[in-house]
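A short worksheet on the structure shown next.
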Amino acid sequence: GPQGVTDDKITLGSYTDLSGPLAVWGVPEANGLRMRVDEINAAGGIHGRQLEIVIEDTQYQVPRAIQAANKLLRRDRVFAMVGALGTPMNLAVMPQQLDAGVPNLFPMTAAPEMAEPLHPMKYAFFFF
C-alpha cells in the first residue's frame, strides 16, 4: 500500500513556522491540525485507522523546510503533507514530494503554483 498507511494508522506530515517570524500563523495552525486529528481519532479515525500528525518547525527558512520535508518523507514516511506554510518552502519541497507520490494538501500559501500546472497530488485551498 501507500507509504504512511498501515492497518491501524495513517501518518500525516506538516512543516510550518513554530519559532520564526511567522510563528504567529504557524503555532495556531499546528495547534489546529493537532486538535482536528484528536477529534477524528476520538470519533474512531478513518476506516478504523488512527491519524498521526508529525509537525516540523522550519523557522520560516527554506533550508530548514527542505530538511524537515526530507525527514517527513523518508524517515516518517508520511502519507500526505498537510498545511505546509510558505510559498518559498512549498516551491522548494514540492518537486521531490510529488515525485514520491505524496499529496500536498492545503498548503498555507496563495501562490498559483500550488494548483498550477494541474497535478493529481496538488490540493490547494486558496482560489485565484
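In terms of overall dimensions, the range 1-109 has a Cα radius of gyration and Dmax of 13.3, 39 angstrom.
Estimated purely from DSSP H runs of n ≥ 4, each contributing -39500 (n - 2.57), the mean residue ellipticity at 222 nm for the chain is -10500 deg cm²/dmol once divided by its residues. With all protein chains in place and ligands, DNA and RNA left out, the 1.4 Å accessible area ranks ASP7, ASP38 as ASP7, ASP38, largest first.
Which of the peptides 43-49, 74-80 is most tightly packed, and how do the rest follow, judged by the mean count of other Cβ atoms within 10 Å per residue? Don't skip to the answer; put the middle values down first.
Numbers: 43-49: 11.1, 74-80: 17.9.
Packing order, densest peptide first, comes out as 74-80, 43-49.
Computed from the Kirkwood radius of its Cα pairs, the Stokes-Einstein diffusion coefficient for the range 42-88 at 37 °C and 0.692 mPa s stands at 272 µm²/s. Calculated accessible area for the chain comes out at 54 Å² per residue, all protein chains present (probe 1.4 Å; ligands, DNA, RNA ignored).
Considering all C-alpha pairs of the range 82-128, those separated by over 12 Å amount to 53%. Normalised by 2.2 N^0.38 Å, where N is the number of residues, the alpha-carbon radius of gyration of the range 50-128 equals 1.00.
Quantify, in whole percent, the carbon and sulfur part of the accessible surface of the chain (1.4 Å probe; protein heavy atoms only).
Numbers: 4160 of 6920 Å².
The C+S portion of the solvent-accessible surface of the chain is 60 percent.
The values are calculated or read from the model by the stated rules, or taken from the named source; none is laboratory data. Because the structure is predicted, anything quoted here is derived from the model rather than measured. For neighbour counting, all protein chains shown are included, and Cβ atoms are generated from backbone atoms with ideal geometry for every residue, glycine included. Ligands, DNA and RNA are excluded from the accessible area calculation, which covers all protein heavy atoms including side chains. Shrake-Rupley method; radii C 1.70, N 1.55, O 1.52, S 1.80 Å.
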